[in-house]
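Here is the structure we will look at.
Read-outs: derived from the displayed coordinates by stated rules, not from any lab. All figures in this text were calculated on a predicted structure; none of them were measured in a lab. Positions of Cβ are backbone-derived with ideal geometry, glycine not excepted, and every protein chain shown enters the neighbour counts.
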Amino acid sequence: MVLDDSKECLNAMRFAAMRAAKTGAGVEVPAVIPPEEFNHWIGVSDIMREEARDRIHAHFEVFAKWMRDRQGIDPELAIREGEPVAEIMAQIHDDPAIGVLVLGAGTDKKGPGPLVTQLTRNSGSLPIPITIVPGDLSKERLEAIT
């Protein structure tokens with residue numbers, strides 16, 4: 001799964017944690033800082049990079065606490081910098097312990113979201129399956145299908 005501020009991310013996190021708890025697996029949460037956030041002077045970009053990392057850690061801790069308290073899962077955070085799809089692909093190839101990529105699909109009229117769209121196009125070259133979790137599934141439905 002990929003950490004961001006979306007509702008679909010929340011469902012993907014829930015699904016991944018519940019599934020991991022039932023299968024004895026772990027959860028690794030990748031977060032990607034896109035390069036356009038740092039197109040400033042060097043000193044400013046260093047500060048912005050650190051602020052982005054701090055935001056990611058704070059956001060991750062909310063999910064991690066829920067995973068530890070409710071599912072007994074202690075997730076790992078993997079922060080990368082670059083283009084999101086390329087970095088997610090690299091993380092999958094760099095870490096052979098990753099067994100499934102869980103993505104949350106957006107529910108608006110624009111489609112499932114750029115990550116889901118681009119990563120499913122590359123799914124044939126991935127060494128693992130992708131699970132796409134609809135962003136509007138209820139907690140009860142998530143529990144039933146995990």
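Under the combined filter of DSSP loop state and at most 13 neighbouring Cβ atoms within 10 Å, segment 38-106 retains these chymotrypsin sites (Phe, Trp or Tyr not before Pro): Trp41.
Of Gly135, Gly72, Gly24, the residue with the greatest mean-square motion in the GNM of the chain, using alpha carbon springs below 10 Å, is Gly24.
So which residue, out of Met48, Met18, Met67, gets the largest mean-square fluctuation from a GNM of the chain using Cα contacts under 10 Å as springs? Of Met48, Met18, Met67, the most mobile in the Gaussian network model is Met48.
Evaluated at q = 0.12, 0.24 Å⁻¹, a Debye calculation over the C-alpha positions of segment 31-110 (equal weights, vacuum) places log10 I(q)/I(0) at -0.47, -1.22.
Using Cα springs under 10 Å in a Gaussian network model of the chain, which residue among Ile47, Ile128, Ile56 shows the largest mean-square fluctuation? Looking only at Ile47, Ile128, Ile56, the biggest GNM fluctuation is shown by Ile47.
Placing +1 on the Cβ of every Lys and Arg and -1 on the Cβ of every Asp and Glu, with nothing else charged, gives the chain a dipole about its Cα centre of roughly 700 debye. Sorting Arg19, Arg49 from the fewest to the most surrounding beta carbons within 10 angstrom yields Arg49, Arg19. Note on the chain: lysine pairs with Cα distance below 30 Å, sequence gap of 8 or more or different chains, count 10.
Gyration tensor analysis over the Cα atoms of the chain returns equivalent ellipsoid semi-axes of 25, 18, 16 Å (largest first, whole Å). With contributions of -39500 (n - 2.57) from each DSSP H run of at least four residues, the per-residue ellipticity at 222 nm computed over the chain stands at -15000 deg cm²/dmol. Between the listed residues Asn122, Ile88, Ala78, the Cα displaced farthest toward the positive end of the dipole of segment 75-137, a dipole computed from Cβ unit charges relative to the Cα centre, is found at Asn122.
Residue by residue, segment 106-112 carries 3J(HN,Hα) couplings of x, 10, 7, 6, 6, x, x Hz when phi is fed to the Karplus relation 6.51 cos²θ - 1.76 cosθ + 1.60 (θ = phi - 60°); x denotes Gly or Pro.
Amide H contacts of Glu81 (H built 1.01 Å from N, in plane; Pro and chain starts excluded): Ile33 sit under 5 Å, all sequence-distant by 5 or more or on other chains.
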